[in-house]
Amino acid sequence: MAEANEMPREQGLDHSFNFMTEGYMYILNRRKSFNSDVFETRLFGKRVICLGGEEATALFYDTDKFIRKGAAPNRVVQTLFGKNGVQSLDGDEHRARKNMFMSIMTPDELKRLTDITNRQWKLALSRWEQMDKVVLYEEAQELLCRVACTWAGVPVQEEEVKDLAKDLTAMFESPAAIGPSHWQGRNARNRVENWLIPLINQVRNGEIAIPENTALYKFSWQRNGAGSLLNEEVVAVEVLNILRPIVAISVYINFLTLAIHHFPEEVTKLKTQGEEYSTMFIQEVRRYYPFFPVVTAIVKEDFNWNGYQFKKGTLTMLDIYGTNHDPKIWDNPDLFNPSRFKNWQGTPFNFIPQGGGDYWLGHRCAGEWVTIEIMKVSLEFLVNKMKYDVPKQDLSHSMVSMPSIPNSKMIINNVKRTV
């Protein structure tokens, strides 16, 4: 047992191999073994403090204690986030950039998003009815690529959609990959950024007409603290921070479909108990299944917390998956139970599938509302507007691969619309 004020520490020179082989469970396993929501380890040659649980999440999102600049590994920046994106900013610069994102998360814009998503699901159903089998993960990526580009005001030709969807997918599939798969993500980001930059300049030069309420238009005209327009490379990164996460909702659509298949008793409730139960079901899918494993930050200045010393410059990881499966927060956390969200009294720190804290002032994902609205439309189609079969396949999902999806990518067939 650790002495008073001594942080629990994982013994050994480096635990990168364990981190890679245990995946989503790495931090949670050690939180259980240490009986502590904070411990120290070494990963990839660096001293790292790992945190989990509600109280530790509140600490992690205290901007007086932690900063984001330099926290994300370069392989994550080069594939997932992009250089100088909102995720890497702090202070006034971060607040201004976050306000830019939140400016498109209005009720009217979210309603426009759901209308676009509805139209794309209907078009997808027409295609799927003609197909012998539908690989839902891949089809959802193309569906969501169309949704994302339409909503964001990014003009894309139909013949470009498949390749663009593949590139956007490569960005979120490649951060933890090794070798060619990782470089595929880097190349995809470079390719799409280079495609977006001329569009941004055309918007600024008045050469293409883009609706003023869209991300491409608003971001193109965003100014920095000095009053200058953001450079086009940064705008491209931030437009991708709209497109890429929307396509990543294909992971959640797979898990929605998997949950419907694995828990058929839920279907009657979804059909009869209305939007309230559908929202509970969606939230449980987001809590139960693995999505994003950890987020990182760096200690801003020396401080003490619960008797433990945090030294300036120390890399710190917050356990996203483990906090959503914390038995101190959730009864029977490894059971799928949407009813746990009935009359649920949540906080910004105890349910964090897309990060915690405040949307406006902190680093909680600005697109969380987008995720929920697209999942609502998708669930309505999967339960009430179509029927399909799930043939025999490997529906297991890895707790190591990031992102995790059913191994078969969720194959369905005999698709028919019902309304």
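Miscellaneous remarks
- Selection count where residues are touching a residue at least 24 places away in the same chain (Cβ under 8 Å) and either under 29 Å from the mean Cα position of the chain (by Cα) or not in a loop (DSSP other than H, G, I, E, B) (or both), scope segment 302-312: 5
- Any chance PHE281 is under 30 Å from SER408 (Cα atoms) and modelled with pLDDT of 95 or more: yes
- Number of residues in segment 221-251 that are crowded, with 24+ Cβ neighbours inside 10 Å and either at positive phi or hydroxyl-bearing (Ser, Thr, Tyr) (or both): the value is 1.
- Candidates GLY85, GLY53: the one that is surrounded by fewer than 19 Cβ atoms within 10 Å (Cβ to Cβ) and touching a residue at least 40 places away in the same chain (Cβ under 8 Å) is GLY85.
- Test result for VAL134, of a type in the set (A, V, I, L, M) and modelled with pLDDT of 95 or more: yes
- Remark: pairs (first residue in segment 383-405, without any contact (Cβ under 8 Å) to a residue 40 or more places away in the chain; second residue surrounded by fewer than 18 Cβ atoms within 10 Å (Cβ to Cβ) and outside any strand (DSSP E or B); Cβ separation under 7 Å; 6+ apart in sequence or on different chains) = LYS387/THR418; ASP394/ASN407; SER396/ASN407.
This table checks each residue for (1) surrounded by fewer than 18 Cβ atoms within 10 Å (Cβ to Cβ); (2) over 27 Å from SER228 (Cα atoms); (3) not acidic (Asp, Glu).
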residue	(1), (2), (3)
LEU43	no, yes, yes
LEU59	no, yes, yes
ASP62	yes, yes, no
PHE66	no, yes, yes
PRO107	yes, yes, yes
ASN118	yes, yes, yes
SER126	yes, yes, yes
GLU129	yes, yes, no
TYR137	no, yes, yes
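- Residue within segment 378-387 that is closer than 16 Å to PRO290 by Cα and at pLDDT 95 or above present: no
- Only one of the numbered conditions (1) assigned to a helix (DSSP H, G or I); (2) hydrophobic (A, V, I, L, M, F, W, C); (3) touching a Ser or Thr at 6+ places or on another chain (Cβ under 9 Å) is not met by ALA297, and that is (1).
The values are calculated or read from the model by the stated rules, or taken from the named source; none is laboratory data. Everything quoted here is computed from the prediction, not taken from an experiment. With ideal geometry, Cβ positions are generated from the backbone for all residues, glycine too; neighbour counts draw on all protein chains shown.
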